[in-house]
Amino acid sequence: MTKPLVAIRSVSKNFGEFQALKSVSLDVWPGEVMCLIGASGSGKTTLLRCINQLATIDAGGIWLDGELLGVREQGGKLRRLSEGEIARQRLKTGMVFQRFNLFPHKTALENITEGPTQVQGRKADEVRAEAIELLRRVGLAAKADWYPAQLSGGQQQRVAIARALAMKPMLMLFDEPTSALDPELVGEVLAVMKQLAKSGMTMMVVTHELGFAREVADRVVYMDQGAIVEQGRASDVLGAPREARTRAFLSAVI
Amino acid sequence: MKPAPALADGFPDLSGMQIAREPHWFRWLSAALIVIVLAAIARAFAGGQIEWSYVGRFLTAKVILEGIVNTMVMAVLAMALGIVLGIVVAIMRLSPNPVLKSVAAGYTWLFRGTPLILQLLLWFNLALVFPTIGIPGLWSARAVDVMTPFLAALLGLGINQGAYTSEVMRAGMLSVDIGQYEAAQAIGMGRLRALRRIVLPQAMRVVIPPLGNEFIGMVKATSLASVIQYPELLHNAENIYYANSRVIELLIVAGLWYLLVVSILTPLQMLLERRFARGILRLAR
């Protein structure tokens, strides 16, 4: 029997007094596309950031590909991993940010090759060929030598997706990838994500694009106030929500 | 209500009319005043007790040229030491490790809190504290032999500069968006690699104008090393006027050289700024 790629068990996270995550448990299966929806402050972005350890959890555990993240059991206690070990664990995930966060002093191509050459120590010409192929996949082969400031928001986000894919991650995390975009640029980014979903990539997508969720997601998870309220097939959660809070959220959004 | 006409009447067409030139009387008047004041100052100096022929003769004297070379060598080396120290201390200051943080803060406090000339004198007179210095069992020497004017000036100026540069560097690193650190971490970079590859190159764009300023300050601060016998420009000019008593003439010679060097440095700084503005200025293709 297959195992979940991500297993989240009783994870809590506080920012001072504010409880961002309240004992959240969730499994993500290999090849699954999961959309996380909910109001801002519901904890969906925090959950994503905990999975690639940009935020550290206060309680519970997250296993990625069977490996416990951030800590190690030793003599009945948990010990934090070193920075280097955490960096190694991060290589299994690719992250796409709401504000793209491309490196402005590097061209589109250099943004993509930076990780594979500098972190993974791979050969420059081999990485370059892969990067050009990735740019072609996101429809930006002609923009390889352009700087981020010369690209539109949608193009920047597609480069950012290519940059994350260049590390050959097992899991792609998308944190509201289209929220910072002008409406007419949303489609091109969603198209790249759909194509990625079709290729079998495991994806967790925090999004407000319910149309995308309905079309692409295998599972939709609705979160509110740091907890999972309802989850299930996209058609069920979005079409016939069982929980009153889900219904209230959906009627407010649509 | 009647439908509104396409354009209302009473607003004549102004296209084709030119905007009249302003006379700017006050600008002309103030410029004329300044020219008069400058001319008066020039006349006073021309008639004052200055032998301008000495200025011309000593401007390219061998000792003066050696002095300017020593000044530039010291300024470049001390600034290099200052920048290296500044980057290291700024990184320590921003580290999560409280020991590193305190050491960095203490360093800045100590070397920014005392006059530069006092630090130069302390380094130069180190032999009074430690007659011999060295590594026990490996190497030792008399401090007076090791602590030459050159080394004392380099340490004094460079270490002092590091304290100021660290604050410039820290400001530069803080100016880089936190999302850049996160994006670097997300592709598996550790803290130091993210700083070196992603954050520092972007911080450079912000720190070059203040660093250029600091370097111009450093060129002039080397003149303080004249008190510890380092043969830089001012020291050599002084040595000449001790012999021939042409004090003002030689001070003018030194002043002209400092002005010339600083005038050359300013466009160089602009070239550097352009280099590090990569991806920011090159918007149009």
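What the table below lists for this structure:
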| read-out | value |
| --- | --- |
| Filter result (part of a loop (DSSP other than H, G, I, E, B) and either under 30 Å from A:Glu83 (Cα atoms) or out of contact with any helix residue (DSSP H, G or I) (no Cβ under 6 Å at 6 or more places or on another chain) (or both)) within segment B:96-130 | B:Pro96, B:Asn97, B:Gly113, B:Thr114, B:Pro115, B:Asn125 |
| Residue that is surrounded by 10 or more Cβ atoms within 10 Å (Cβ to Cβ) and within 25 Å of B:Asn244 (Cα to Cα), where the choices are B:Leu59, B:Leu33 | B:Leu59 |
| Single residue of B:Leu121, B:Leu100 found to be under 30 Å from B:Glu214 (Cβ atoms), in contact (Cβ under 8 Å) with a residue 12 or more places away in the chain, surrounded by 14 or more Cβ atoms within 10 Å (Cβ to Cβ) and not hydroxyl-bearing (Ser, Thr, Tyr) | B:Leu121 |
| Close pairs (6 angstrom Cβ cut-off, 6 or more residues apart or separate chains): within 10 Å of another protein chain (Cβ to nearest Cβ) in segment B:190-212, outside any helix (DSSP H, G or I) and among the aromatic types (Phe, Trp, Tyr) anywhere | B:Ile198/A:Phe103 |
| Test for B:Gly179: is it farther than 21 Å from A:Met167 by Cβ and outside any loop (DSSP other than H, G, I, E, B) | no |
| Failed criterion for B:Arg93 (all others in (1) under 30 Å from A:Cys50 (Cβ atoms); (2) away from chain A (no Cβ under 14 Å); (3) in contact with a Phe, Trp or Tyr (Cβ under 9 Å, 6 or more places away or on another chain); (4) not β-branched (Val, Ile, Thr) hold) | (3) |
| Residue that is farthest from B:Gly56 (Cα to Cα) [pool: residues in segment B:215-257 that are of a type in the set (Phe, Trp, Tyr) and in contact (Cβ under 8 Å) with a residue 60 or more places away in the chain] | B:Phe215 |
| Pick from segment B:47-93, criterion part of a helix (DSSP H, G or I) and in contact with a Lys or Arg (Cβ under 7 Å, 6 or more places away or on another chain), ranking: nearest to B:Arg170 (Cα to Cα) | B:Ala90 |
| Residues within segment A:57-79 that are under 23 Å from A:Asn14 (Cα atoms) and without any contact (Cβ under 8 Å) to a residue 24 or more places away in the chain, tallied | 9 |
| Within segment A:58-116, tally of residues that are of a type in the set (A, V, I, L, M, F, W, C), within 12 Å of chain B (Cβ to nearest Cβ) and not in a strand (DSSP E or B) | 9 |
| Hey, A:Gln53 surrounded by 15 or more Cβ atoms within 10 Å (Cβ to Cβ), without any contact (Cβ under 8 Å) to a residue 40 or more places away in the chain and among the polar types (S, T, N, Q) or not | yes |
| Within segment B:149-182, considering residues that are touching an Asp or Glu at 6+ places or on another chain (Cβ under 9 Å) and either facing chain A (nearest Cβ under 9 Å) or polar (S, T, N, Q) (or both), the one farthest from B:Ala78 (Cα to Cα) | B:Thr165 |
| Residue among A:Met167, A:Met172, A:Met193 that alone is crowded, with 17+ Cβ neighbours inside 10 Å, out of contact with any Asp or Glu (no Cβ under 9 Å at 6 or more places or on another chain) and more than 18 Å from A:Gln98 (Cα to Cα) | A:Met167 |
| Number of the condition not met by B:Pro3 [criteria: (1) farther than 30 Å from B:Leu250 by Cα; (2) touching a residue at least 40 places away in the same chain (Cβ under 8 Å)] | (2) |
| Condition met for A:Gly41 (under 30 Å from A:Arg245 (Cβ atoms), more than 14 Å from every other protein chain (Cβ to nearest Cβ) and in a strand (DSSP E or B)) | no |
| Test: A:Leu78 is at pLDDT below 95 and farther than 15 Å from A:Pro169 by Cβ | yes |
| Residue that is farthest from A:Lys3 (Cα to Cα) [pool: residues in segment A:62-92 that are among the basic types (Lys, Arg) and under 19 Å from the mean Cα position of the chain (by Cα)] | A:Arg88 |
| Positions within segment B:94-129 being more than 22 Å from the chain's Cα centre (by Cα) and basic (Lys, Arg), in sequence order | B:Lys101 |
| Only listed residue being aliphatic (A, V, I, L, M) and more than 28 Å from B:Arg275 (Cβ to Cβ), chosen from B:Leu200, B:Leu157, B:Leu118 | B:Leu118 |
| Index of the failed condition, A:Pro4 passing every other in (1) in a strand (DSSP E or B); (2) more than 14 Å from chain B (Cβ to nearest Cβ) | (1) |
| Which listed residue, of B:Leu260, B:Leu174, B:Leu233, is surrounded by fewer than 17 Cβ atoms within 10 Å (Cβ to Cβ), more than 30 Å from A:Ile161 (Cβ to Cβ) and not basic (Lys, Arg) | B:Leu260 |
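The values are calculated or read from the model by the stated rules, or taken from the named source; none is laboratory data. None of the values given here were measured: they were computed from a predicted structure. Here the Cβ is made from the backbone with ideal geometry for all residues, glycine too, and neighbour counts use every protein chain on show.
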